[in-house]
């Protein structure tokens, strides 16, 4: 599975966690605020601020430009806290499984745009309430000009009512069948990675690739986190690559891990050889 990282040794304070995410890039402000420090109190009228189970989804599908990176850090579970395990699903891998097994379903979820929205009552910072929707509709799978998958946008709780000419006739039934198969892949044991959230370890993941969720929990717990724009993150990554000698810093980090753990050292450029099996 790709698209996420675990960062350990983080002091259990919101200040230390915020400093960590700011080392990557600017924090993105949304209707949830900038840096979050929250409990299950339904403060924003959102299921994320509850204790119920959440199925795998991506965040901010109701933005024209969804948030890029997302961070979560558990600050303090209560003594009675149980459950609340973190769920991660590699959306690109799940999409590849769908494309191989049901190409016609993949094509439907790549071509039919669906509405997304978020709405809520007013607050002190937003007295007029929340009324979010993107400038246009987007499909579940989004590709670049070369046909490469670059973004998965899927959150059943934020989806609006589908319809219009694109969904006329049998195509509506076909789309729902494609969605049923897609959800089946997301909920399969092979696709899901469950981890227990621990104090001192932050999880950071690519919201354009990785879907996340959680199991239901009881007792109280305090979490903190934030969003980062994808473009800001990629800009930072390119800058670090130039600053420290060229190349992709993710690749160089992987080179060090593979050499230390397996004694395999890469020499030369280009693909080929056993080292590339770890990429």
- Item | Label point distance in nm, residue 187-residue 251, each placed 7 Å from Cα along Cα→Cβ | 4.1 nm
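Per-residue counts of other Cβ atoms within 10 Å, averaged by peptide: what ranking do you get for 2-12, 107-117, highest first? Please report the intermediate quantities before stating the final value.
Numbers: 2-12: 13.5, 107-117: 18.4.
Most protected by this proxy first, the peptides run 107-117, 2-12.
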- Distance between the stretch 151-200 and the stretch 64-114 - C-alpha centres, whole angstrom: 9 Å
- Residue separation between residue 29 and residue 161 times 0.36 nm, minus their alpha-carbon distance, gives in nm 44.8 nm
- What is the extension gain from residue 259 to residue 99, computed as 0.36 nm multiplied by their sequence separation minus the C-alpha to C-alpha distance, in nm to one decimal? 54.2 nm
- Message: Under the 0.36 nm per residue contour assumption, what length would be gained going from the current alpha-carbon distance of residue 53 and residue 177 to full extension?
- Response: 42.3 nm
- the stretch 4-228 - percent relative contact order, Cα under 8 Å, separation 6 or more: 45 percent
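Just the number, please: Stokes-Einstein D of the stretch 4-228 in µm²/s, Kirkwood Rh from C-alpha pairs, 10 °C, 1.306 mPa s.
Numbers: Rh = 18.6 Å.
Calculated translational D: 86 µm²/s.
Computed from the coordinates by the stated procedures, all read-outs in this text should not be read as laboratory data. What you are looking at is a predicted structure, and each value in this text was computed from that prediction instead of being measured. Cβ: placed from backbone, ideal geometry, glycine included. Neighbour counts: every protein chain shown.
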